Amino acid sequence: MNCPAVRDRLPEHALGVVDHHDATAIERHLAWCAACRKEARDLERAAATMAFALAPAYPPAELGDRVIGAVGRVSAPAPAPTPARRRGRRVGVTLLAAALVFAGLGLGALLARRDGPPIDPRIVASQQEDRASKFGRAIENAIETATANDPGIRADIGTLAPTRGIDASGAALTLMSRDSEDQVVVWVNRLPREQLPYLVFLVDSRGNAFEVSRINRLDRDGNTMVAGTAARNLSRFDRMIVRNAGGRIVLSGSLAPASQSG
Amino acid sequence: MEGLLAGDDAAIRALYERFGRPVYTMGLRLLGSREAAEELTQDVFLTAWRKAARFDPQRGRLSTWLMTIAHNLAVDRLRRETGVSRPHLVLVDEVPDQPAGDEEFILMERDEALRALASLSMAEKRLIARVYFRGMTAREIAEADGIPLGTVKTRLRSALIKVRRANETKDQP
């Protein structure tokens, strides 16, 4: 979905009446398009105004205790994870990196860059979408290669969008296998070097965060790729955040199975 | 939000005390029964806890984030139960001028909302209300009123921008 198509749907999106399929496509676009994202946030705030215009109703007094109790129950510590799976082989990461390079998608080309004089934002948006599409295809090819070596492997991928005031982008890939250690690959682009080191976390649906990597170095354009293995099962984590040295979130995004993300 | 993430009772209670009533109000007005409104309220705060790590105060206000969760869950429930969303309608222009709540926060939020909505014409209020409170899509409204889809979309966007500008005026020191 390109910028004009997304802008066309944003009012209905803000008012909560687009179907899930369109909402997913719009959210995917908003993850990397800062201009549309700003428009979306403004419209969402306007739409949320409606909620407070309603004549107040009075909930029963005991509802508060029920709500607090319900949240408290589900936020209780989870049972210990199942015993460690068989560890050893580390397939995937090297193959993926090699495949991406082979696909001609160096770091600078993987993610949007802003070299040279200012150009039409619509052209930038189009180029970004094109690059994102190429990135997606390269990932798919790379995953096929990894799967050939480890048929039990599962891959989740996602793009990382910047928080306000940060002009950066990123992408993430997790590889989970029954027979080998789970692995994480993170690409970042245009991160400020003065905010090193960056910490990379995976977050599960309950809000539990797990540090998976640390970015200690960036090239002169603020780009790098970090990859590593994780001493735990990553399958329950569906979101990644990147914090700068000050602890502020600078990048974040959802991860979804590669087969559904294309 | 860190307290919410940690499941801290005091943090959850503070959040509920501030937003419990508007969330319940949303449930009651859209879903039409106290039982459904109570279930919705519980679901909203559970969802907020699950998504707390995703909330970024630099991207928007907590009230916007939470009420968006509430509205989305309410509309989802309506669609799931009825196939289409046709909530018990409370049009904006049918809302009494004097709020019945007593908490300062609710009064302020409602006052701000009514001021922002006052910038809309009656037709614009009705249009937004049909979408937000009844869950009608732009296409459904276009078909019902016999006007071009593009016209409905343009009017919707224009109305939301008016509200946004009214909010911006309010936020200026």
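Among the residues of the range A:18-36, those identified as among the β-branched types (Val, Ile, Thr) and touching a helix residue (DSSP H, G or I) at 6+ places or on another chain (Cβ under 6 Å) are A:18, A:26.
Based on what the data block shows, is residue A:203 within 14 Å of another protein chain (Cβ to nearest Cβ), among the aliphatic types (A, V, I, L, M) and under 17 Å from the mean Cα position of the chain (by Cα)? Considered against the rule, which asks whether it is within 14 Å of another protein chain (Cβ to nearest Cβ), among the aliphatic types (A, V, I, L, M) and under 17 Å from the mean Cα position of the chain (by Cα), residue A:203 comes out as yes.
When the range A:1-18 is filtered for residues that are under 22 Å from residue B:65 (Cβ atoms) and either touching a strand residue (DSSP E or B) at 6+ places or on another chain (Cβ under 8 Å) or not in a helix (DSSP H, G or I) (or both), the ones remaining, listed by number, are A:15, A:16, A:17, A:18.
If you go through the range A:197-231 and keep only what is farther than 16 Å from residue B:53 by Cα, not in a loop (DSSP other than H, G, I, E, B) and not aliphatic (A, V, I, L, M), you end up with A:198, A:213, A:214, A:224, A:228, A:229.
Scanning the range B:67-85 for residues that are modelled with pLDDT under 80 and of a type in the set (S, T, N, Q) yields B:82, B:85. Of the set (1) at pLDDT 85 or above; (2) at the interface with chain A (Cβ under 9 Å from one of its Cβ atoms); (3) closer than 26 Å to residue B:78 by Cβ, all apply to residue B:162 but (3).
Number of residues in the range A:232-246 that are within 18 Å of the chain's Cα centre (by Cα) and not in a strand (DSSP E or B): the value is 4.
Among residues of the range A:219-230 that are more than 15 Å from residue A:195 (Cβ to Cβ), those with a Cβ under 6 angstrom from a residue that is among the polar types (S, T, N, Q), sequence gap 6+ or separate chain, pair up as A:226/A:213; A:228/A:213; A:229/A:183. Across the range B:13-38, the qualifying residues are those that are of a type in the set (D, E, K, R) and more than 17 Å from the chain's Cα centre (by Cα), and the one among them that is nearest to the other protein chains (Cβ to nearest Cβ) is B:13.
Within the range B:25-45, the set of residues being surrounded by fewer than 17 Cβ atoms within 10 Å (Cβ to Cβ) and either of a type in the set (Phe, Trp, Tyr) or in a helix (DSSP H, G or I) (or both) comprises B:34, B:35, B:39. Of all the criteria given as (1) at pLDDT below 80; (2) surrounded by 16 or more Cβ atoms within 10 Å (Cβ to Cβ), the one not satisfied by residue A:169 is (1). Scanning the range A:32-70 for residues that are assigned to a helix (DSSP H, G or I), without any contact (Cβ under 8 Å) to a residue 12 or more places away in the chain and not aliphatic (A, V, I, L, M) yields A:38, A:41, A:42, A:45, A:49, A:52, A:64, A:65, A:66, A:69. Just one of the numbered conditions (1) at pLDDT below 80; (2) facing chain A (nearest Cβ under 7 Å) is not true of residue B:88: (2).
The values are calculated or read from the model by the stated rules, or taken from the named source; none is laboratory data. Computed from a predicted model, the values in this text were never measured in an experiment. Neighbour counts run over all protein chains shown; Cβ positions are idealised from the backbone, glycine included.
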